[in-house]
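A.B. asks: Have a look at this one before I ask anything.
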Amino acid sequence: GGTLSYTYNYSQYGNVGSYTITPKGLTSSNYAITFKAGTLTVGQKQVGLTWSNTSFTYDGNTHCPTATATGLVNNDTCSVTVTGGQSAAGTHTATASSLSNANYKLPSAKTTSFTIDTAAITYNASGYTGTYDGAAHGITVTVSAPTGTTIKYGTVEGTYDLTTSPTLTGAGTKTVYFQITKTNYTTVTSSATITINPKALTITA
């Protein structure tokens, strides 16, 4: 006789954990009924991850992608902590390491790659242009940003084995090739031309 019913303190969207379920309500003249409690176990819900901000340009600061948790229920909020920030140019890996809401868990695929592109070098290059004066003249390369760059020169394109500009003394033209390098910056390769015009000569008889 009676009606079987239950008592428990779990409701939909209740937090992760174990909940006791207690049956009750049945009666019998022929049986001694024992109501044995059971357990409802609520496990963590696995979220999905959406990654953003995965491309940067080198500026000396530490950068890291952003991960957003998807698949949340009941208007829950859940932020994602991401580790693996880097400052150097290159391709790196970031990892979603934890969630702010204990009712959710990270998926097995929780990493992403991100890039920090090399920054540009700002420079100016010019070759000497003038009239023959018997002196040796070269090209001038000036870097305005960043500081600490390395400038190499060469007389053949693709070969930069000189620390100072090659020069030209006599009238004519000469192309000087140069390369500007620094870690985390895009290498510059270019050229400038030295031009020395003949000097006018006056002959008086």
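The values are calculated or read from the model by the stated rules, or taken from the named source; none is laboratory data. Fair warning: this is a prediction, and the values are worked out from it, not measured in the lab. All Cβ positions, glycine included, derive from the backbone under ideal geometry; neighbour counts span all protein chains shown. SASA here: full protein model, heavy atoms, side chains in, ligands and nucleic acids out. Shrake-Rupley method; radii C 1.70, N 1.55, O 1.52, S 1.80 Å.
A.B. asks: If we keep just the residues of the stretch 80-105 that are of a type outside the set (Phe, Trp, Tyr) and over 24 Å from Thr62 (Cα atoms), which is farthest from the chain's Cα centre (by Cα)?
C.D. replies: Step one: of the stretch 80-105, the residues of a type outside the set (Phe, Trp, Tyr) are 80-103, 105.
Then keep just the ones that are over 24 Å from Thr62 (Cα atoms); that gives 101-103, 105.
Values: Asn101: 26, Ala102: 28, Asn103: 30, Lys105: 25 Å.
Taking the candidates together, the pick is Asn103.
A.B. asks: OK, next. Please count how many residues of the stretch 163-191 are under 35 Å from the mean Cα position of the chain (by Cα) and either over 30 Å from Asp59 (Cα atoms) or of a type in the set (A, V, I, L, M, F, W, C) (or both). Quick ask: steps written out before the conclusion?
C.D. replies: At the first step, the residues of the stretch 163-191 found to be under 35 Å from the mean Cα position of the chain (by Cα) are 163, 177-191.
Next, from what is left, pick out any that are either over 30 Å from Asp59 (Cα atoms) or of a type in the set (A, V, I, L, M, F, W, C) (or both): 178, 180, 188.
Qualifying residue count, the stretch 163-191: 3.
A.B. asks: Before we move on, is Leu201 at pLDDT below 95 and not small (Gly, Ala, Ser)? Can you show your working first?
C.D. replies: Values: at pLDDT below 95: yes; not small (Gly, Ala, Ser): yes.
Spelling it out, Leu201 is indeed at pLDDT below 95 and not small (Gly, Ala, Ser).
A.B. asks: Right, something else. Go through the stretch 141-198 and tell me which strands (runs of 3 or more DSSP E), entirely inside it, have 1 or more residues that are closer than 14 Å to Ser126 by Cα and in contact with a Gly (Cβ under 7 Å, 6 or more places away or on another chain).
C.D. replies: Values: elements: 150-154, 172-181, 188-197.
Ranges flagged: 172-181, 188-197.
A.B. asks: Return the only residue of Gly60, Gly14 being part of a loop (DSSP other than H, G, I, E, B) and within 30 Å of Tyr185 (Cα to Cα). I'd like the intermediate steps shown before the answer.
C.D. replies: Numbers: Gly14 fails: within 30 Å of Tyr185 (Cα to Cα).
Of Gly60, Gly14, the one residue that is part of a loop (DSSP other than H, G, I, E, B) and within 30 Å of Tyr185 (Cα to Cα) is Gly60.
A.B. asks: Ok, one more. Determine which member of the set Thr68, Thr34, Thr95, Thr77 is assigned to a strand (DSSP E or B) and out of contact with any Lys or Arg (no Cβ under 8 Å at 6 or more places or on another chain).
C.D. replies: On the way: Thr34 fails: assigned to a strand (DSSP E or B); Thr95 fails: out of contact with any Lys or Arg (no Cβ under 8 Å at 6 or more places or on another chain); Thr77 fails: assigned to a strand (DSSP E or B).
Of the residues listed, the single one that is assigned to a strand (DSSP E or B) and out of contact with any Lys or Arg (no Cβ under 8 Å at 6 or more places or on another chain) is Thr68.
A.B. asks: Then there's this: Which members of the stretch 150-205 meet the condition of being farther than 23 Å from Thr131 by Cβ, polar (S, T, N, Q) and open to solvent by less than 60 Å² (accessible area, probe 1.4 Å)?
C.D. replies: Gln179, Thr181, Asn184, Ser190
A.B. asks: Let me ask something else about it. Going through Gly158, Gly134, Gly85, Gly148 one at a time, which residue ends up being of a type outside the set (Phe, Trp, Tyr) and in contact with a strand residue (DSSP E or B) (Cβ under 7 Å, 6 or more places away or on another chain)? Show your work before the answer.
C.D. replies: Details: Gly158 fails: in contact with a strand residue (DSSP E or B) (Cβ under 7 Å, 6 or more places away or on another chain); Gly134 fails: in contact with a strand residue (DSSP E or B) (Cβ under 7 Å, 6 or more places away or on another chain); Gly148 fails: in contact with a strand residue (DSSP E or B) (Cβ under 7 Å, 6 or more places away or on another chain).
One residue alone meets the criteria, Gly85.
A.B. asks: Considering only the stretch 54-63, I want to know if a residue exists there that is open to solvent by 60 Å² or more (accessible area, probe 1.4 Å), among the β-branched types (Val, Ile, Thr), closer than 30 Å to Ala145 by Cβ and at pLDDT 95 or above.
C.D. replies: To start, the set of residues in the stretch 54-63 that are open to solvent by 60 Å² or more (accessible area, probe 1.4 Å) comprises 55, 57, 59, 61-62.
With among the β-branched types (Val, Ile, Thr) added as a condition, the list becomes 57, 62.
Remaining after also requiring closer than 30 Å to Ala145 by Cβ: 57, 62.
Going one step further and asking which of them are at pLDDT 95 or above, we end up with 57, 62.
Yes, there is a match, as at least one residue in the stretch 54-63 is open to solvent by 60 Å² or more (accessible area, probe 1.4 Å), among the β-branched types (Val, Ile, Thr), closer than 30 Å to Ala145 by Cβ and at pLDDT 95 or above.
A.B. asks: Return yes or no: is Asn15 within 14 Å of Val73 (Cα to Cα) and exposed (fewer than 12 other Cβ atoms within 10 Å of the Cβ)? Outline the logic, then answer.
C.D. replies: Working: within 14 Å of Val73 (Cα to Cα): yes; exposed (fewer than 12 other Cβ atoms within 10 Å of the Cβ): yes.
For Asn15, the condition - within 14 Å of Val73 (Cα to Cα) and exposed (fewer than 12 other Cβ atoms within 10 Å of the Cβ) - is met.
A.B. asks: Given the options Ala102, Ala145, Ala135, name the one that is under 30 Å from Gln12 (Cα atoms) and surrounded by fewer than 16 Cβ atoms within 10 Å (Cβ to Cβ).
C.D. replies: Numbers: Ala145 fails: under 30 Å from Gln12 (Cα atoms); Ala135 fails: under 30 Å from Gln12 (Cα atoms).
None of the others qualify; the one that does is Ala102.
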